[in-house]
């Protein structure tokens, strides 16, 4: 029986995965064009504008607004939606803090609900149960690139007259029923941070098919200006969330690879689903038949330590990384973050909301806890490998399963 790499044996995976980020002469030429043009600022530039239009078109949306990062994309979108003090916004309890902190930035209350047991995306039934007279919106997070149940969430939002916003920071190119995610509700937000499936180091995007939402979001992101008006006219609240020409140029080049890379990640994800299905204790994030493409910011699976001699998740992850498979940490549950447990979040609230009892602090979130402490996330660049790479990932996990008692 082969010795585990963490104990000095030969790693199961020796061929390196594709490096990230991926770039070539397209990025170099685009950056040099900006350099030589002398137009480095978005307002008179052309690169960021071209990227906005191309990214929106690729995602089958009418409008695109490029902003400084994914968190700011959420903040601008919520401002354009009119979210403010006294309002509540329902969010999944399993997500990055920005989904909730953007709501707090607006002076509103994020209300976490648990996620579904198999998808780790927001549970539509729990979201509906959390709606009250103060609820203005639901934010659906496509965790790991896997779309949330957009059929049921759209129906819930329409039934109760609340707005649906998609946090698609993980889901570039993901599809639900053959349609790209991001514009099923009023709009969607994306991130281009360094780990994302297309990147300029930082950056964000808002897409939408709603003309009025786009007008308000564009004005918010540009100091309250409106297109075609005098430069020093400011019509509403706004700040400077503009993306630079440098990043717009890089992202325009990155977009040329997105379709092929997304198709490869999706195909490799399905290969892994099959390869891992025979390993007891390993359950991949569910793949709904309505998902025609999963952009796979990460490949996520549940790890049941009972099938691995009781070895805890952290020890398993260390063993897997020693075998040559790269991972990243899952998100801890929102309700357990210090900003909520300490009460610090209340400083962003006002009126009765600031001192009210918030039941979400005491509710159970069993599926969010599973996502946080019992799932393993393989990084997206691994899914850009070939079929042999997917086999070696499965072999590495199988090797650990066979030698699990050696990790105790």
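The values are calculated or read from the model by the stated rules, or taken from the named source; none is laboratory data. None of these values were measured; they are calculated from a predicted model. Glycine also receives a Cβ, built like all others from the backbone with ideal geometry; neighbour counts cover every protein chain displayed.
Here is how the numbers come out for the structure above:
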{"quantity": "In the stretch 200-238, the residues that are in a loop (DSSP other than H, G, I, E, B), touching a strand residue (DSSP E or B) at 6+ places or on another chain (Cβ under 9 Å) and within 27 Å of residue 95 (Cβ to Cβ)", "calculated": "202, 203, 209, 210, 238"}
{"quantity": "Pick from the stretch 315-347, criterion buried (at least 19 other Cβ atoms within 10 Å of the Cβ) and within 18 Å of the chain's Cα centre (by Cα), ranking: nearest to residue 20 (Cα to Cα)", "calculated": "330"}
{"quantity": "Those residues of the stretch 1-39 which are part of a loop (DSSP other than H, G, I, E, B) and surrounded by 14 or more Cβ atoms within 10 Å (Cβ to Cβ), in sequence order", "calculated": "4, 9, 11, 12, 13, 17, 18, 20, 21, 22, 23, 39"}
{"quantity": "Condition check for residue 312: under 29 Å from residue 265 (Cα atoms), surrounded by 19 or more Cβ atoms within 10 Å (Cβ to Cβ) and either at pLDDT 95 or above or in contact with a helix residue (DSSP H, G or I) (Cβ under 7 Å, 6 or more places away or on another chain) (or both)", "calculated": "no"}
{"quantity": "When residues of the stretch 291-309 are limited to those that are in contact with a helix residue (DSSP H, G or I) (Cβ under 9 Å, 6 or more places away or on another chain) and surrounded by fewer than 18 Cβ atoms within 10 Å (Cβ to Cβ), the one farthest from residue 396 (Cα to Cα)", "calculated": "292"}
